[in-house]
1. Using θ = phi - 60° and the Karplus form 6.51 cos²θ - 1.76 cosθ + 1.60, what ³J(HN,Hα) does each residue of region 152-165 get, whole Hz, x for Gly and Pro?
2. Quick one: 3J(HN,Hα) in Hz for region 192-205, Karplus 6.51/-1.76/1.60 with θ = phi - 60°, rounded, Gly and Pro as x.
3. Taking the simple approach of a point 7 Å from Cα along Cα-to-Cβ for both residue 66 and residue 26, what is their distance in nm?
4. If packing is taken as the average number of other Cβ atoms within 10 Å across a peptide's residues, how do 26-35, 96-105, 176-185 rank, most packed first?
5. For region 151-201, compute Rh as the Kirkwood radius over C-alpha pairs and then the Stokes-Einstein diffusion coefficient at 4 °C and 1.567 mPa s; write the answer in µm²/s, rounded to an integer.
6. Going by amide H atoms built from the backbone, whose H comes under 5 Å of the H on residue 75, apart from near neighbours?
7. Skipping prolines and chain starts, which residues have an amide H placed within reach, meaning under 5 Å, of the one on residue 137, given they are 5 or more residues away or on another chain?
8. Would you work out the Kirkwood radius for the chain? I mean one over the mean of 1/r across all pairs of different Cα atoms, in Å.
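A short reminder: the numbers here are calculations on the coordinates, not readings from a lab. All figures in this text were calculated on a predicted structure; none of them were measured in a lab. For neighbour counting, all protein chains shown are included, and Cβ atoms are generated from backbone atoms with ideal geometry for every residue, glycine included.
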Amino acid sequence: MATSGRADAFTFPAEALDGHLGGNAASIRATARALAKVESAAAVVLVEGISDQVALETAAVGRGRDLEAERVVIVPIGGAHAIGRFLTRLAPLDTGIRLAGLCDVREEEVFRRGLAATRDGFPRTRAEMEDLGFHVCVKDLEDELIRALGVAQVEALFDAKGDLRTYRSFQSQPAWRGREPEAQVWRFLRSSSRRNLRYARLLVEAALDRDALPRPLDALLATV
C-alpha cells in the first residue's frame, strides 16, 4: 500500500485487529480485505459483522449492482463499539468518499455517538441518521429478514437446505420448547456462526425473489 496520508489512515496492525475486533480470525481477515480496498473507494459502508456484509453484497447482486465496479466497499468492523474508531480513521477521506452504515437497534445509540464525534451536529433521530446514510435494523438483520419472509417461508428454506430436522430438534429443547416461532427461528439462525453466514445469503435471496427486501437493506443500497 502507498505511504500517503490516505493509506496511513487505514493501517490496522494484526494485533490491533485481534484486540479490538473480537479476536475472530474470519472477522479479522474480512476486515483486512475490505480495508485494503478503501483507499480507492467511492463509497464505504460500515457494518457490524460478516453476516451483514454477506447480506448487503447479496442484495446488491439481486438489484443488478456490481459493487466492485462501482468501488463500493463494505467493511465489517467487528462490532458496533468499533464504529467511532473506524469513523475517525475514515475522516481524512470524508470529503472524497460517501460513507454509510448499518447497525442493530440495540447499537443505534453507539453508532449515533460515533457519528456525533466525527460530524457537525449530533444525529438526534433515526431519520437524521438516515440522512447521513446510516440505517438501523429492528431488532437486527435476522429479525428483519424473518419478518419480511414469515416463519413458514423460513422453515421451508430450512427444509430445502436440509436443516429442518436439526431445527425441529432445536425447537424441542427445554429452553426453547413452546417459545414464539419467530424467537425460535431467530435463535436457531444465530446459534451457529457458520449457519448465520450461510442463511444471510439464502434469506436475502428469498426476500429478493418475493420483492420483500427489508427496508434498511434497500435504503442503504439506495444511499450508495
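1. 4, 5, 5, 5, 4, 5, 4, 4, 5, 9, x, 10, 5, 4
2. 9, 5, 5, 5, 4, 5, 4, 7, 4, 6, 5, 5, 5, 4
3. 2.9
4. Numbers: 26-35: 18.2, 96-105: 20.7, 176-185: 13.8.
Sorting 26-35, 96-105, 176-185 by mean packing, highest first, produces 96-105, 26-35, 176-185.
5. Once the numbers are plugged in, D ends up at 118 µm²/s.
6. Under 5 Å from the amide H of residue 75 lie the amide H atoms of 45, 46, 47, each far enough along the sequence or on another chain.
7. Close amide H contacts, sequence-distant or interchain: 103, 104, 105.
8. 18.3
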